[in-house]
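To start, the structure under review is shown below, and the notes come after it.
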Amino acid sequence: MKTASFLTGIALGAAAAVAINKKFFSKCPVCGGDAAGNPAVKEAEDAVEKLRGSVDSLSQELNKRIESEQTFAAKCEELKDQMAKQSVEIENLKNICEKQDSCNKKLEEELAAKNSV
């Protein structure tokens, strides 16, 4: 987000510079008051337009990246939640297996005791 603000600031600064240039050149008696015909002003205006286009393009790309990162972060959180649920389920199954093992041992001991009598 800071990059987008920085680039927007650059574009606005360049636009302000062109506006100031126009105002200065229109009042300059040496220039003849013809700021529109001045090639330096034309180049500055073209540069501002290019910067605006670049800022727009970079802003769009930055927004896409931010959206992608947010989507990725949401997916990661979803996967973490699934892992936590599966870990709980695994622990429950382990407890069931332990209980079943203890029941099996008791039954084996009872069977061994009956067979030895």
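The values are calculated or read from the model by the stated rules, or taken from the named source; none is laboratory data. All values reported here derive from a predicted model rather than from experimental measurement. Virtual Cβ from ideal backbone geometry, glycine too; neighbours counted across all protein chains shown.
Below is a table of values for the structure above.
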read-out	value
Residue match in region 63-74 (condition: more than 30 Å from Thr8 (Cα to Cα), modelled with pLDDT of 85 or more, assigned to a helix (DSSP H, G or I) and of a type in the set (D, E, K, R))	no
Single condition Asp34 does not satisfy, out of (1) modelled with pLDDT of 90 or more; (2) assigned to a loop (DSSP other than H, G, I, E, B)	(1)
Candidate set from region 42-62 (those that are in contact (Cβ under 8 Å) with a residue 40 or more places away in the chain and of a type in the set (S, T, N, Q)); member that is farthest from Leu12 (Cα to Cα)	Ser59
